[in-house]
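The values are calculated or read from the model by the stated rules, or taken from the named source; none is laboratory data. Nothing here was measured: the structure is a model prediction, and the numbers come from that model. Positions of Cβ are generated from backbone atoms using ideal geometry, with glycine treated the same way; all protein chains shown enter the neighbour counts.
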């Protein structure tokens, strides 16, 4: 059985019955959270979220990329969000290599260098600051007055604001 087959069976056996109590795609906290795809981060648990409260955007590193800006723009302009949390974390895989190392490896395997930035980093706080600034400076995101950045410690669950 594959992992996908296992998850499909869990869905059939599990408690998910959709979200009939959440009548709209508008999150009732009017909040978007940008975070990493790392499987150790349980975003709903970290913030005590309930179904329907926030949009959650995940990618490698929790980096604010052009696609994250696209989603934030839609979230704010069409789905009434007004606040943004950028949360990256300790021991992130993106801090274990450089952009050039990754791009060289992919090029060696495929014959093509990726056209996109990897955005590896050494210091997570600096990466959070950069992503927060990208949101604040984007002309496509209209509500930038309450954009805050945090580092989540995957070993202790401590959440530290980056100023």
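Would you confirm whether any residue within region 127-146 is in a loop (DSSP other than H, G, I, E, B), closer than 16 Å to residue 60 by Cα, modelled with pLDDT of 95 or more and out of contact with any helix residue (DSSP H, G or I) (no Cβ under 6 Å at 6 or more places or on another chain)? Spell out how you get there, then give the answer.
Of all residues in region 127-146, those in a loop (DSSP other than H, G, I, E, B) come to 138-146.
Adding the requirement that they be closer than 16 Å to residue 60 by Cα leaves none.
Looking through region 127-146, none of the residues is in a loop (DSSP other than H, G, I, E, B), closer than 16 Å to residue 60 by Cα, modelled with pLDDT of 95 or more and out of contact with any helix residue (DSSP H, G or I) (no Cβ under 6 Å at 6 or more places or on another chain).
Selection of first residues in region 21-32 that are farther than 17 Å from residue 73 by Cα and of second residues that are modelled with pLDDT of 90 or more and exposed (fewer than 13 other Cβ atoms within 10 Å of the Cβ), restricted to Cβ pairs under 8 Å at least 6 apart or on distinct chains, gives the following pairs, ordered by first then second residue: 21/51; 22/51.
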